[in-house]
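Only the coordinates and a few stated rules stand behind these numbers; no lab work does. Computed from a predicted structure; not experimentally measured. Note: ideal-geometry Cβ built from the backbone for every residue, glycine included; neighbour counts use all protein chains shown.
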Amino acid sequence: MKTQPLKSIFLCIKCIVLISAILLSSFSYASEPKEIDWEDLIPWTSMFNPSEVKFNKKLDDKEVRIPGYILPLDIIGRDINTFLLVPYIGACIHVPAPAPNQIVYVETKKPWEGLAWWEPVYVTGKIKIENHNIEELAVVGYELIADDVEYYRGTTGTHGFFDW
């Protein structure tokens with residue numbers, strides 16, 4: 001008769017441990033930034049009217065990781081503090097610039113020493129829908145506060161895109 005309460009206690013402890021494990025795994029999953037691509041910046045409803053520029057409101061204030069190319073705006077020595085992230089090399093340098101929903105204005109929390117601007121990078125941080133008019137260059141629709149900037153590394157070598 002005394003074993004019944006012990007079984008109940010052990011069953012309760014197992015349930016608590018299981019629920020704790022589930023909750024902890026969901027919190028760690030939620031803290032990972034969502035990896036996105038340039039198509040994710042355009043809401044699917046924009047596809048029906050390409051002349052209309054819309055922004056993906058589901059991404060507003062979310063932690064993301066996005067690949068792209070850097071167009072430096074604020075450089076001190078080798079350190080880049082602000083830059084435009086664009087989907088392909090040479091965007092914004094040639095006319096016309098990409099649409100505002102295809103350019104991201106990036107401010108880094110700590111300066112990034114970028115010596116090879118032509119190489120693709122991943123930028124991780126919180127993205128917001130925020131309008132910036134960079135004079136004589138482009139109108140930008142997204143802003144990202146970067147926690148991390150790193151060179152994109154492909155599976156074939158050290159520099160990914162340039163490892164043909």
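Here are the numbers for the structure shown:
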item	result
For region 38-86, size of Cβ-based charge dipole, Lys and Arg +1, Asp and Glu -1, in debye	80
13 Å beta-carbon shell around Q102, net charge (K/R +1, D/E -1)	-2
Packing-based order for 72-79, 119-126, 84-91, using average beta carbon neighbours within 10 Å, highest first	119-126, 84-91, 72-79
Karplus-derived 3J(HN,Hα), 6.51/-1.76/1.60, for each residue of region 134-147, Hz, glycine and proline x	8, 3, 6, 10, 5, 9, 10, x, 10, 10, 9, 8, 7, 7
Cβ-defined net charge surrounding E32, 12 Å radius [Lys, Arg +1; Asp, Glu -1]	+1
Calculated diffusion of region 34-162, Stokes-Einstein form, Kirkwood radius summed over Cα pairs, 37 °C and 0.692 mPa s, µm²/s	220
Calculated FRET efficiency for the pair N133/D60, C-beta based, R₀ 25 Å, to 0.05	0.80
